[in-house]
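Chemist: Got a structure here, written out as structure tokens. Questions coming.
The values are calculated or read from the model by the stated rules, or taken from the named source; none is laboratory data. It should be emphasised that the depicted structure is a prediction, and the values quoted were computed from it without experimental measurement. We place every Cβ from the backbone using ideal geometry, glycine too, and count neighbours over all the protein chains shown. The area values use the complete protein model at the heavy-atom level, side chains included, leaving out ligands, DNA and RNA. Shrake-Rupley method; radii C 1.70, N 1.55, O 1.52, S 1.80 Å.
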Amino acid sequence: RCPHCNQCLTAFHKKNVKKSGNTYYYKSYRCSNKWTNHPKPSVSENVVERYLLDNIEQELDRQITFAQKNRPVKNNAAKIQRLKKELNNLNILFQKGRIELDYYDREYARIETEINELNVIYIDFEKASKTFSGDWKALYGTLDDEGKKAFWLSCIDAILMDKSHKLTGIKFL
């Protein structure tokens, strides 16, 4: 999702012609919101795939540990509502020019992370744990593009990106 407008990133093919005359096509993702004026993120499919392969097991372990440590959590809905209100107040302060951009970005990221962590508690990690057990990377390597797409869609809800367009996290189904 776009960190600026929350729209889904959509796939497109990027064409690159080298000095030698060879033409290369790259699969990438970009913001699909054409009607707003913001820096539109664009990220290569290879970068996304490498990020997932390098980070998915650690991220899954981190989220399972967090969920186990915080279960059962009372009043998560109230905490999330309070954080959303804090986020709204932060936006108002920034719009009125009462806080600097650096402070706004730091606080926005902190609050958004807290909200995501509270939401993660409700995810059932049993399916994801089974998916990423054993030698799943070897099996993944044998899949074609459509198979890889189906694999990721079966276990991942979203890939998180910060405002500097850096991949920062994974949200499981």
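Chemist: Taking only the range 149-173 into account, find how many residues are among the hydroxyl-bearing types (S, T, Y) and under 16 Å from W136 (Cβ atoms). Quick ask: steps written out before the conclusion?
Modeler: Of the residues in the range 149-173, the ones among the hydroxyl-bearing types (S, T, Y) are 154, 164, 168.
With the extra rule that they be under 16 Å from W136 (Cβ atoms), the set shrinks to 154.
Adding up the residues that qualify gives 1.
Chemist: Enumerate the pairs (first residue in the range 1-17 and closer than 23 Å to A109 by Cα; second residue anywhere and open to solvent by 60 Å² or more (accessible area, probe 1.4 Å) and among the hydroxyl-bearing types (S, T, Y)) with beta-carbon separation below 6 Å, excluding pairs fewer than 6 apart on the same chain, so at least 6 apart or on different chains.
Modeler: Hits for this filter: L9/Y29.
Chemist: Here's something else I'd like to know. Report every pair of residues separated by at least 6 positions or lying on different chains whose Cβ atoms are under 7 Å apart, first residue within the range 37-53 and more than 16 Å from T10 (Cβ to Cβ), second open to solvent by 80 Å² or more (accessible area, probe 1.4 Å).
Modeler: Partner pairs satisfying both residue conditions: L53/K137.
Chemist: Just name the residue that is modelled with the lowest pLDDT out of those in the range 61-87 that are assigned to a helix (DSSP H, G or I), of a type outside the set (S, T, N, Q) and open to solvent by less than 70 Å² (accessible area, probe 1.4 Å). Spell out how you get there, then give the answer.
Modeler: Start the filter on the range 61-87 by keeping residues that are assigned to a helix (DSSP H, G or I), which leaves 61-70, 76-87.
Remaining after also requiring of a type outside the set (S, T, N, Q): 61-62, 64, 66-67, 69, 77-80, 82-87.
From what's left, open to solvent by less than 70 Å² (accessible area, probe 1.4 Å): 64, 66-67, 78, 80, 83, 86-87.
On the way: I64: 80, F66: 76, A67: 72, A78: 81, I80: 84, L83: 91, E86: 94, L87: 91.
Selected residue: A67.
Chemist: Same structure again: Looking at (1) within 20 Å of the chain's Cα centre (by Cα); (2) free of Cβ contacts under 8 Å to residues at least 12 places away in the same chain, which one does Q95 not meet, given that it meets all the others?
Modeler: That leaves (1) as the condition not met.
Chemist: Let me ask something else about it. Considering only the range 134-173, state which residues are over 23 Å from H4 (Cα atoms) and either of a type in the set (D, E) or at pLDDT below 85 (or both).
Modeler: Scanning the range 134-173 gives D135, D144, D145, E146.
Chemist: Could I ask something else about it? Taking only the range 1-42 into account, find how many residues are out of contact with any Leu (no Cβ under 7 Å at 6 or more places or on another chain), of a type outside the set (K, R), surrounded by 10 or more Cβ atoms within 10 Å (Cβ to Cβ) and in a strand (DSSP E or B).
Modeler: Looking only at that region, the number is 7.
Chemist: Taking L90 as meeting all but one of (1) under 17 Å from T113 (Cβ atoms); (2) in contact (Cβ under 8 Å) with a residue 12 or more places away in the chain; (3) open to solvent by 80 Å² or more (accessible area, probe 1.4 Å), write down the number of the exception.
Modeler: (3)
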